[in-house]
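The values are calculated or read from the model by the stated rules, or taken from the named source; none is laboratory data. Please read these numbers as outputs of a predicted model, since none were measured by experiment. With ideal geometry, Cβ positions are generated from the backbone for all residues, glycine too; neighbour counts draw on all protein chains shown. All accessible areas refer to the heavy atoms of the entire protein, side chains included, with ligands and DNA or RNA removed. Shrake-Rupley method; radii C 1.70, N 1.55, O 1.52, S 1.80 Å.
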Amino acid sequence: MKDRDESVKSIHESNTDGDKKVHSSRRWMIVFSAFVINIIVDGCLFSFGVIYVQFLEEFKETRSNTAWIGSMLDSAPMLFGPVASIITKRIGFRKATILGGLIGFAGFIASTFVNSIEALCLTFGLIAGFGISIPYLNSVVVSGAGLGTLIFAPLYEFLIEQYGWRGALTIIGGILLQTIPCGAVFRNVNDFVDIEDEEIITENPLENNIMTEKENPESIDVTAKFIEKSTARNTDNESKESVSLARNIYKNILRKFSMLKDINFLLFTCSLFIVYFWYDLPYNFTVDRMHGFGYSTKKGSYIVAVIGASHIVGNILFGFLGSKNEKFRFYLYCGSLCIWGVNICAIPLFRDYIPNMILAGTFGLISACQEAIHAVIIIDILGEDKITDAYGLLMFFEGIANLTGPPFAGWLYDISGSYDNTYISGGSCICFAGIMVLITRICFTKSKNVNLPENNIEDVS
């Protein structure tokens, strides 16, 4: 009997070890799939500058009007974030990612048949952008930023050279379709990711309890009345749930916007809006600018690829430096924004290829501070318990900035005939955003010092 118990115990331990190995392998598969999705999405979003030149030549529109296509695509993951979140909660990570891949693919393919900027804004900007936003949301926990730009910028240029921009979009759409097998790996992802999800389970009481017509003909009237009452009751419940849902959404929006009453968070939000308003400047306009100086689109795409390569290094560097103390983080972020702004202002001073590549590499390195540090600074200002609401609100403002920034930058070119004013304006504004972060730090320190005596009195008492 003892031998039998030991045998059962060893079998149980063996099964447990096997389950752990399977779970560990599944985790790595999920992480790798999310990483691949990030590379694809990052490449689609930040390589727009390469195809932007083709749109200008094809449609002969202004820089401002043409820039709306890319701005809609870039801002989609942030503006459609809440919708993507609802879809994911309703149908799960796996189905939502697959659905997003299909919608994005449909947007890219539809773009190959259009013949106007307005139609491209719909197909390439809104439809493809909305599709991309769903896989982006479900894989955003894994960093692939920079690597996608490094790969896709030269790839876009090569495909355009070989097949034209319509053929390039078809192939890139096919690459985007690879998010579907990646999303298929997200099966039972809730076992590995800690998320709160609500499932609505509806049961049909008639299915097992009501006899059929042949078994009891007299029950037909009773059954009909029961169904009628049940339908009416369900309709009332659905309307009450709809009202309750709308009320909760309204309260949630008010709660998020009420955080702007905190002067420190308000200043930081304003600085973030300014940064994202000008964030896509080098990504979207570098190739067109270099093309104006007589350089090929291929050489311009290499400069964008350098931004992606240095951005990878920047994410690692600022991720490490950002783990230091709170005071250092603020000054690091503030200083990085100021250097970033000066770097952008310096771009109009150079027309040669190598200096522009160096400045692009500096931009990619320094701009990584934005995504590596700003979330931690939010925690420093508001506390960890408010990070979810605060981050959602900031994503909304980032999306608005991404949407309106590139068309405004293009408009500055249209009225002046040069990108010089565009880059000088963008760099100056980013420097100002850095100063706003410094003011945030001063206000934050003062507010903490004001509260110190009260805390000390409480401790003494």
field: Cα centroid of region 353-383 to Cα centroid of region 75-113, whole Å
entry: 27
statement: Expected sort for 425-435, 34-44 on mean C-beta neighbours within 10 Å, highest first, is 34-44, 425-435
task: Give, in whole angstrom and from largest to smallest, the semi-axes √(5λ) of the equivalent ellipsoid of region 307-371, with λ running over the eigenvalues of the Cα gyration tensor.
output: 24, 13, 6
field: Positive-end extreme of charge dipole, region 49-151 - chosen from Leu73, Leu126, Ile103 (charges on Cβ)
entry: Ile103
message: In whole percent, and with a 1.4 Å probe on the protein chains, what portion of the accessible area of region 307-426 is carbon and sulfur?
response: 68
- request: Sum up the charges of everything whose Cβ sits under 13 Å from the Cβ of Asn421, counting Lys and Arg as +1 and Asp and Glu as -1, but leave Asn421 out.
  value: 0
- request: Please go through region 102-186 and write out the chymotrypsin sites (Phe, Trp or Tyr not before Pro) that DSSP classes as loop and that have at most 10 other C-beta atoms within 10 Å.
  value: Phe113
task: With a/c under 1.5 counting as rounded, go ahead and sort region 374-438 into rounded, prolate or oblate using the C-alpha gyration tensor (a ≥ b ≥ c being the square roots of the eigenvalues; past the cut-off, prolate if a/b is larger than b/c, else oblate).
output: oblate
Filter on Lys386/Lys446; Lys251/Lys386; Lys95/Lys256 - keep pairs with C-alpha separation over 27 Å: Lys95/Lys256
